[in-house]
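Reading through the structure tokens given below for one structure.
The values are calculated or read from the model by the stated rules, or taken from the named source; none is laboratory data. Since we're looking at a predicted model, the values are computed, not measured. In this analysis, Cβ positions are derived from the backbone assuming ideal geometry, glycine residues included, and neighbour counts consider all displayed protein chains.
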Amino acid sequence: MATTLFTQNIIACIWDFDKTLIPEYMQSPLFRRYGVNESTFWAEANALAEHYRKRGHHLSGEIAYLNHLLTYVLAGAMPKLNNHVLREAGAGIEFYDGMPEFFDKSRTWVTTKPEYQKHEIQLEHYIVSTGLAEMIRGSSAAGKVDGFWGCEFIENPLQPGFLLQKELDLDAEAEIAQIGAVIDNTTKTRALFEINKGTNKNPAIDVNANITPEDRRIPFQNMIYIADGPSDIPSFSVVKKGGGKAYAVYNPKREDEFAQNDRLRSAGRIDHYGPANYTEGSTTWNWLSLHIQAICDRIVADREAALASRVARPPRHLGTDASAPKAKVPQQGTLL
């Protein structure tokens, strides 16, 4: 008997990290740990592409900052930096008001009505960041989300000939030396399709596989993408095009960020925007609550309509309907 892969009763909030969940860049605690001037680092990283262009080389923006971190390690400015240190530094990440408690509290919104519980609606949270996955793992948000994507480093790269060795005896102290994974503002959309198709839950499903909309785990119309600005326009566009919602946040202390979000809304890039304050009763809390429950209502309506259309009414005995007109009984002597 044919059946769908998923029941599509799951809602997903997908979050950017820097300037969305936190007021600074996640690498800030790392720079403070090593005494590195953060402004200098980012000025250098942002200038790398142009300097290499003048030398005849092309360098993408996200790889530039990852490479520059490796250069700092190689130059001795961040000695013995490894994934363990990154995770420890992640514990120093400070979040906006209401985070990361918001992740747990918001899950109750999909259980507020009996019909939501009847259809077993769930809310999942995901982080898709151009920052460092290991630092997210060390942060207080890691255990409260259903998954996250970020850039990765490799320690002690395998040497030539490693396939001929049965065992590798690595005595070298662990230190990041290579880029393992890169997430940039365009490849973020790949993560969205992984969530959409269920690849992140079932690795047997290839993200490039042709899957009908009704067989996808979380349709885009069940998604809300939350981020802080223009760099997330590709992801905003994918979610909005699929029928989902796009919401931008800004630092309440920054008028320029407010104006930036207003331009995004005027241009139709986002549905709405609000301050990066996730406490109960805030504008952002109320907007997300309203639209998550609106998605719940649509899921209930769609599923019950589908049930009604697929289940035929049972057969009934003729003449048992009390509302049907009764047959006239002829009187004696009347010709029929």
Based on this model, can you work out whether Phe95 counts as modelled with pLDDT of 95 or more and surrounded by fewer than 22 Cβ atoms within 10 Å (Cβ to Cβ)?
yes
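Yes or no, residue by residue, for (1) crowded, with 18+ Cβ neighbours inside 10 Å; (2) at pLDDT 95 or above; (3) more than 26 Å from the chain's Cα centre (by Cα); (4) part of a helix (DSSP H, G or I):
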residue	(1), (2), (3), (4)
Cys13	yes, yes, no, no
Met26	yes, yes, no, no
Leu30	yes, yes, no, yes
Arg33	no, yes, yes, yes
Val36	no, yes, yes, no
Trp42	no, yes, no, yes
Ala47	no, yes, yes, yes
Scanning the stretch 50-71 residue by residue, those among the β-branched types (Val, Ile, Thr) and free of Cβ contacts under 8 Å to residues at least 40 places away in the same chain turn out to be Thr71
In this structure, is Ile14 touching a strand residue (DSSP E or B) at 6+ places or on another chain (Cβ under 7 Å) and more than 30 Å from Thr212 (Cβ to Cβ)?
no
Considering each of Thr199, Thr108 in turn, give the residue that is at pLDDT 95 or above and hydroxyl-bearing (Ser, Thr, Tyr).
Thr108
For the list (1) buried (at least 16 other Cβ atoms within 10 Å of the Cβ); (2) assigned to a loop (DSSP other than H, G, I, E, B), I need the number of the one condition that Pro157 fails.
(1)
Would you point out the residue of the stretch 72-106, among those that are touching a residue at least 12 places away in the same chain (Cβ under 8 Å), of a type in the set (A, V, I, L, M) and in a helix (DSSP H, G or I), that is nearest to Ala177 (Cα to Cα)?
Val73
Restricting attention to the stretch 169-184, does a residue exist that is part of a helix (DSSP H, G or I), within 14 Å of the chain's Cα centre (by Cα), crowded, with 16+ Cβ neighbours inside 10 Å and of a type in the set (A, V, I, L, M, F, W, C)?
no
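Applying the selection to the stretch 60-92, what residues are hydrophobic (A, V, I, L, M, F, W, C) and surrounded by fewer than 16 Cβ atoms within 10 Å (Cβ to Cβ)? Before you say what the answer is, go through the steps one by one.
To start, the set of residues in the stretch 60-92 that are hydrophobic (A, V, I, L, M, F, W, C) comprises 63-64, 66, 69-70, 73-75, 77-78, 81, 85-86, 89, 91.
Listed by number, the residues that qualify are Ile63, Leu74, Ala75, Ala77, Ala91.
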Has the stretch 304-318 got at least one residue that is among the hydroxyl-bearing types (Ser, Thr, Tyr), modelled with pLDDT under 95 and more than 20 Å from the chain's Cα centre (by Cα)?
yes
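In this structure, is Ile136 closer than 30 Å to Ser237 by Cβ, of a type in the set (Val, Ile, Thr) and out of contact with any Lys or Arg (no Cβ under 7 Å at 6 or more places or on another chain)?
On the way: closer than 30 Å to Ser237 by Cβ: yes; of a type in the set (Val, Ile, Thr): yes; out of contact with any Lys or Arg (no Cβ under 7 Å at 6 or more places or on another chain): yes.
Yes: the conditions hold for Ile136.
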Only one of these is of a type in the set (S, T, N, Q), modelled with pLDDT of 95 or more, under 28 Å from Gln8 (Cα atoms) and surrounded by 12 or more Cβ atoms within 10 Å (Cβ to Cβ): Ser289, Ser282. Name it.
Ser289
Please name all residue pairs, on different chains or six or more residues apart, with Cβ atoms under 6 Å, provided the first residue is in the stretch 131-158 and is farther than 24 Å from Leu74 by Cα and the second residue is crowded, with 16+ Cβ neighbours inside 10 Å and of a type in the set (S, T, N, Q).
Gly147/Asn200
Single residue of the stretch 98-135 satisfying the filter (among the aromatic types (Phe, Trp, Tyr) and touching a strand residue (DSSP E or B) at 6+ places or on another chain (Cβ under 9 Å)) that is surrounded by the fewest Cβ atoms within 10 Å (Cβ to Cβ):
Trp109
I'd like the residue in the stretch 210-229 that is within 18 Å of Gly131 (Cβ to Cβ) and part of a loop (DSSP other than H, G, I, E, B) and, out of all such residues, is modelled with the highest pLDDT.
Asp228
Filter the stretch 49-70 down to residues that are aromatic (Phe, Trp, Tyr) and within 31 Å of the chain's Cα centre (by Cα), then give me how many there are.
1
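Scan the stretch 220-236 for residues that are of a type outside the set (A, V, I, L, M, F, W, C) and over 11 Å from Leu192 (Cα atoms) and jot them down.
Taking the stretch 220-236 and keeping what is of a type outside the set (A, V, I, L, M, F, W, C), we get 221-222, 225, 228-232, 234-235.
If the condition is that a residue be of a type outside the set (A, V, I, L, M, F, W, C) and over 11 Å from Leu192 (Cα atoms), then Gln221, Asn222, Asp228, Gly229, Pro230, Ser231, Asp232 are the ones that fit.
Every residue, every condition in (1) aromatic (Phe, Trp, Tyr); (2) at positive phi; (3) not in a strand (DSSP E or B), yes or no:
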position	(1), (2), (3)
Thr199	no, no, yes
Ser231	no, no, yes
Tyr247	yes, no, no
Pro252	no, no, yes
Gly281	no, yes, yes
Leu290	no, no, yes
Ala294	no, no, yes
